[in-house]
Amino acid sequence: MRALLIMLLGGWIVGTLLIAFVATQNFRMVDRLLSAPTPEFSRAIAPLAHDETRDVLRYLVSELNRLYFSVWGFTQLALGAAVVAAALGLRPLDRTVVTVAATILVIVIVSLLLSQLLLSLGRSLDFVPHTPALPALVRFRRLHLVYTALDLLKLALCVWLLIRVTRQASPVAMKR
């Protein structure tokens with residue numbers, strides 16, 4: 001059970017870092033493409049103005065990110081349930097590990113609910129001019145900040161749990 005828990009946590013940590021990288025790089029890619037377009041791409045976007053092209057590409061990126069975050073959210077739900085089950089299967093039972101694993105699962109559930117709200121709110125902002133005082137944009141940014149904070153907390157707890165479970169599995173820990 002310990003090896004399964006270590007594998008699940010390691011994969012989860014990598015997945016969390018990967019999704020963060022992909023999401024940020026997708027938006028940066030729009031500006032990279034527009035700043036140095038290939039001749040073929042230039043011809044394809046010629047009917048549109050620069051700002052219109054940027055809006056369309058950012059919309060595409062937003063839709064892709066919405067898909068990735070939605071799939072990742074449900075994947076994390078399964079990972080969270082598996083981590084809790086594996087933690088409950090440890091012998092001897094470590095109540096701290098089980099408590100932290102359950103806390104991570106609760107964070108995932110809250111984050112999943114929050115992400116669904118962010119997805120629909122984000123869609124409503126796709127083609128709206130982004131003035132700083134726009135109430136929906138202010139709300140989106142606040143919710144995104146909460147989501148990001150929860151994700152960082154979840155990541156930190158996963159790393160802590162991985163370290164704890166790995167240390168318990170080490171030969172030095174076994175001799176104690």
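The values are calculated or read from the model by the stated rules, or taken from the named source; none is laboratory data. Note that the structure is predicted; figures quoted are calculated from it, not measured. Glycine gets a Cβ as well: all are built from the backbone with ideal geometry, and neighbour counts include every protein chain shown.
Computed quantities for the displayed model
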item	result
Single residue of the stretch 114-166 satisfying the filter (aromatic (Phe, Trp, Tyr) and within 26 Å of Gly80 (Cβ to Cβ)) that is nearest to the chain's Cα centre (by Cα)	Tyr147
Per-region count, the stretch 140-159, residues among the β-branched types (Val, Ile, Thr) and free of Cβ contacts under 8 Å to residues at least 12 places away in the same chain	1
Selection count where residues are modelled with pLDDT of 95 or more and outside any helix (DSSP H, G or I), scope the stretch 94-138	1
Selection count where residues are farther than 14 Å from Leu114 by Cα and in contact with a helix residue (DSSP H, G or I) (Cβ under 7 Å, 6 or more places away or on another chain), scope the stretch 126-153	6
Single residue of the stretch 76-114 satisfying the filter (of a type in the set (Ser, Thr, Tyr) and exposed (fewer than 15 other Cβ atoms within 10 Å of the Cβ)) that is farthest from Arg28 (Cα to Cα)	Thr96
So Thr38, is it surrounded by 10 or more Cβ atoms within 10 Å (Cβ to Cβ) and of a type in the set (S, T, N, Q)	no
First in the stretch 13-30 and more than 13 Å from Ser62 (Cα to Cα), second anywhere and assigned to a helix (DSSP H, G or I), Cβ under 6 Å, 6 or more apart	Ile13/Cys158; Thr16/Leu155; Ile19/Trp72
Selection status of Val61, touching a residue at least 24 places away in the same chain (Cβ under 8 Å), assigned to a helix (DSSP H, G or I) and crowded, with 19+ Cβ neighbours inside 10 Å	no
Matching entry among Leu161, Leu155 (being of a type in the set (A, V, I, L, M, F, W, C), closer than 21 Å to Ala23 by Cα, assigned to a helix (DSSP H, G or I) and at pLDDT 95 or above)	Leu155
Some residue of the stretch 123-130 being touching a residue at least 40 places away in the same chain (Cβ under 8 Å) and crowded, with 17+ Cβ neighbours inside 10 Å	no
